[in-house]
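Enquirer: Mind looking over this structure? Questions follow.
The values are calculated or read from the model by the stated rules, or taken from the named source; none is laboratory data. Please read all numbers here as calculations on a predicted model, not as lab measurements. Ideal geometry is used to build each Cβ from the backbone, glycine not excepted, and the neighbour counts take in all protein chains shown.
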Amino acid sequence: MEFREFVRERSPALSRHAYLLTGDHQLAEDLLQSALAATYRHWRRVRDNNPDGYVRQAMYHQHISWWRRRRVPEHLAADPRGAAHADPADATALRLTMTEALARLSPKQRAVILLRFYDDLTEAQAADVLGCRVGTVKRHAHDALRRLREMAPGLLADVLSEGSAR
């Protein structure tokens, strides 16, 4: 597969990952662009293995690098759903709640949650993408899920009811 073809086919999915990592469309575009540029430099080596995994790993590493440089202080709201997102559609409200809750996680925790539950990767596969040990993935997943339960206690019930409504 050629690089242009890969970008054309996989950009929508990779763009969603970037958005879920950053919570901001413009940052997501920049993040994906940086990751694709890094992938292009190593395309001959990457194309026959797992180019998706390489781009995702590059995005996670780049995002953590940006996060370390910026260190923007957190602003926690009492209710993660907030009145600013008063949308009548339940699915939209759920998506906004999930996005806000994910944005409050550390970059590593967010990456683990996305890899494990959005990409449906095993702990070993997630550890491979992130370049860490399986135990580290387990710890980040445990901490992230605990934090999500604290920040948005009704989120689990909302996700389960949304899933059963389909």
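Enquirer: Can you pull out the helices (runs of 4 or more DSSP H) entirely within the range 69-147 that have at least 3 residues that are surrounded by fewer than 17 Cβ atoms within 10 Å (Cβ to Cβ) and at pLDDT below 90? I'd like the intermediate steps shown before the answer.
Expert: Numbers: elements: 90-103, 107-113, 123-130.
In the range 69-147, the matching helices (runs of 4 or more DSSP H) lie at 90-103.
Enquirer: Of all residues being over 25 Å from A103 (Cα atoms) and touching a helix residue (DSSP H, G or I) at 6+ places or on another chain (Cβ under 6 Å) in the range 43-55, which is surrounded by the fewest Cβ atoms within 10 Å (Cβ to Cβ)? Just the residue, please.
Expert: Keep residues of the range 43-55 that are over 25 Å from A103 (Cα atoms), which gives 43-51.
Then drop every residue that is not touching a helix residue (DSSP H, G or I) at 6+ places or on another chain (Cβ under 6 Å), which leaves 43, 46, 51.
Values: W43: 16, V46: 20, P51: 20.
Per the stated criteria, the residue is W43.
Enquirer: Follow-up. Are any residues in the range 3-42 over 19 Å from the mean Cα position of the chain (by Cα) and surrounded by fewer than 16 Cβ atoms within 10 Å (Cβ to Cβ), and if so, which ones?
Expert: If the condition is that a residue be over 19 Å from the mean Cα position of the chain (by Cα) and surrounded by fewer than 16 Cβ atoms within 10 Å (Cβ to Cβ), then F3, R4, E5, R8, E9, A37, Y40, R41, H42 are the ones that fit.
Here's the yes/no breakdown for (1) at pLDDT 85 or above; (2) more than 20 Å from A126 (Cβ to Cβ); (3) hydroxyl-bearing (S, T, Y); (4) assigned to a helix (DSSP H, G or I):
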| position | (1), (2), (3), (4) |
| --- | --- |
| E5 | yes, yes, no, yes |
| P12 | yes, yes, no, yes |
| Y19 | yes, no, yes, yes |
| L31 | yes, no, no, yes |
| G53 | yes, no, no, yes |
| Q62 | yes, no, no, yes |
